[in-house]
Amino acid sequence: MAAFAIVMMVCLVLIHGGQCKGIFNAAEALHKAKDAENGDVGPDVKAFNVLDYGAKPDGKTDTSINFRRTFEAACNFHGDAMMVIPEGEFLMGPVLFSGPCSNPSLLIIQVNGIVKAQSNMAYYRGGGDDTDWITFQAIDGLIVSGRGTFHGQGSQVWGFNDCARKSNCVRLPATLKFIKVTDAIIRGIKSIDPKGFHIMISMSRNFRIFSVDLQAPGDSPNTDGIHMSKSDLVKISKTVIATGDDCVSMIHGSTNISIKKVICGPGHGFSIGSLGHYDDEADVSGIIVKNCSLRETDNGVRIKTYKTDSPSKASGIIFQDLIMTRVRNPIIIDQEYGNTKYSQPSKVRISDVHYINIRGTSASKVAVDLLCSASNPCQGIHLDNVNLQYAGPPNDDMPFSSNCRNARVAYHGFQSPPPCR
């Protein structure tokens, strides 16, 4: 109680008509993000417009330094602040927006223009492993909201992607990267043709992604929609993702993740993993994917791990109320992902996974494929009311079926395809 009282006293001193950073109210923050889209944030919020810091909205002049100076002014302002990216077209190379910031409430980034990435890879030293396009780092309290677009101009560089041939490839830059960011709302924006991931979240906590539109061709390489690692309390909802890789990918250290009312396709579906890729990986737990639809994706809901001796756990996972339309591999656990040449089984332990009310059509004759580790069999796998019908080539004489190896599966309710025997 004493600590809470101290926090409240600090908040009363700092607050300027906004919300206290010490207590994140998600409902208030979402409402504020919606208002920010239209600039309706009240007179107590000081606007910092990139035009006032020299940015030219002609789509030809590099505005990287102008954007950075605008952000620094807004971030260092000792009051409520909003960085404004107005209508127009802005060309920009890689930029780091780094905190901590001095604002008493969430810093707002209002995006209503089109921000285009420099296409020349010479701007991105070392590729995405060293330099992503737009990075937000070490910020406590952030809103990115608006009707604007981030265009990665990825089609000009996808040919440099060699990850299909090299396991230790250098990834291409992500469009938006959030690292060590807490209490954040991303709302309304659009991402087109990223070089790498659309949105990347790492070492962050308390994120809301709402009504975002992520678009790239189905054959664009490694363009995950939302990719996260070592992050807790991430909620994604009412979002459309059409891309060339996983719509949402959750790797090591992803905990308490909620994905609801997301439309996925084209893409590779919703993926947990790859796991077992690094030494000393943190566990994955508390994942729910609910009320989502997938259309003509390469996978539906997937858990994938490498055959390495790197141990970790994936547990407490729910896939519920999903509609699939001509999806290949609708339900899949693959613990031999990516490196079948290795003989040792995966050390990742998968348990407590629930598939509930999955319905629609499968483009694969094997619609449920549970390939688990020989040394760490999957435990507590539950299939409850799975109703998938085959909608692939009519001349395929194989039976519509399930495949299970090293998996302990419990079935409840209706099952199509038939359960493993």
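Would you tally the net charge around Ser401, using a Cβ to Cβ cut-off of less than 10 Å, leaving Ser401 out, and scoring K and R as +1, D and E as -1?
Neighbourhood net charge equals +1.
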Checklist line | Those aspartates and glutamates that a straight Cα-Cα span of less than 13 Å connects to Lys290, excepting residues fewer than 8 apart in one chain | finding: Asp321
Check: For the charge dipole of segment 244-318, defined by +1 on Lys and Arg C-beta atoms and -1 on Asp and Glu C-beta atoms about the Cα centroid, which residue among Gly316, Cys292, Ser254 has the Cα displaced farthest towards the positive pole?
Finding: Cys292
Next item on the list: Taking the Cα centre of segment 253-420 as origin, sum charge times position over the Cβ atoms of Lys and Arg (+1) and Asp and Glu (-1), and report the length of that vector in debye to the nearest 20.
Entry: 240 debye
Item checked: Accessible surface of Asp279 - all protein chains present, 1.4 Å probe, nearest 10 Å² -> 130 Å²
Checklist line | Solvent-accessible heavy-atom area per residue, rounded to whole Å², over the chain at 1.4 Å | finding: 42 Å²
Notebook entry, point to check: Based on the alpha-carbon gyration tensor of segment 160-250 and its eigenvalue square roots a ≥ b ≥ c, which shape applies: rounded if a/c is under 1.5, prolate if not and a/b is larger than b/c, or oblate?
Noted result: oblate
Next item on the list: Report, ordered by chain and residue number, the lysines lying within cross-link reach of Lys56, taken as a straight Cα distance under 22 Å and ignoring same-chain residues fewer than 8 apart.
Entry: Lys46, Lys116, Lys190
Check: So, with +1 on the Cβ of K and R and -1 on the Cβ of D and E, and no other charges, what is the size of the charge dipole of the chain about its Cα centre, to the nearest 20 debye?
Finding: 520 debye
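Just to verify a number: FRET efficiency for Ser343 and Asp384, C-beta to C-beta distance, R0 = 30 Å, to 0.05?
Once rounded, the FRET efficiency stands at 0.30.
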Margin query: Rounded to the nearest percent, how much of the accessible area of the chain (1.4 Å probe, protein heavy atoms only) is carbon and sulfur?
Written below: 51 percent
Notebook entry, point to check: Does segment 340-421 come out rounded, prolate or oblate by the C-alpha gyration tensor, with a ≥ b ≥ c the root eigenvalues, rounded set by a/c under 1.5 and, if not, prolate when a/b is larger than b/c and oblate if not?
Noted result: oblate
Checklist line | Distance from segment 226-269 to segment 312-374 (C-alpha centre basis), Å | finding: 16 Å
Notebook entry, point to check: How much length, in nm to one decimal, is gained on full extension between Arg359 and Asn120, taken as 0.36 nm per residue of separation minus their Cα-Cα distance?
Noted result: 81.6 nm
Next item on the list: Once you've got the Cα coordinates, tell me which of Lys304/Lys365; Lys34/Lys60; Lys238/Lys307 are over 26 Å apart.
Entry: Lys34/Lys60; Lys238/Lys307
Next item on the list: Among Asn357, Asn387, Pro330, flag the residue with its Cα farthest along the positive direction of the charge dipole of segment 321-387, charges on Cβ as +1 for Lys/Arg and -1 for Asp/Glu.
Entry: Pro330
Notebook entry, point to check: Between rounded, prolate and oblate, where does segment 308-349 land on the alpha carbon gyration tensor, with a ≥ b ≥ c its root eigenvalues, rounded for a/c under 1.5, else prolate if a/b exceeds b/c?
Noted result: oblate
Next item on the list: Convert each backbone phi in segment 407-415 into a coupling constant with the Karplus relation 6.51 cos²θ - 1.76 cosθ + 1.60 (shift: θ = phi - 60°), then list the ³J(HN,Hα) values in order as whole Hz, x for Gly and Pro.
Entry: 10, 9, 10, 10, 10, 9, x, 5, 9
Next item on the list: Scan segment 251-359 for GluC sites (Glu not before Pro) in coil per DSSP, keeping those whose Cβ has at most 11 other Cβ atoms within 10 Å, and list them by number.
Entry: none
Notebook entry, point to check: Going toward the positive end of the dipole of the chain, with +1 on Lys and Arg Cβ and -1 on Asp and Glu Cβ, which of Met83, Gly127, Ile201 do you reach last?
Noted result: Ile201
Notebook entry, point to check: Mean 1/r over all different Cα pairs, inverted: what Kirkwood radius does the chain give, in Å?
Noted result: 22.4 Å
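The values are calculated or read from the model by the stated rules, or taken from the named source; none is laboratory data. Please read all numbers here as calculations on a predicted model, not as lab measurements. Neighbour counts are summed over all protein chains in view; Cβ atoms, including those assigned to glycine, are modelled from backbone coordinates with ideal geometry. Keep in mind that these areas ignore ligands, DNA and RNA; they rest on the heavy atoms of the full protein, side chains included. Shrake-Rupley method; radii C 1.70, N 1.55, O 1.52, S 1.80 Å.
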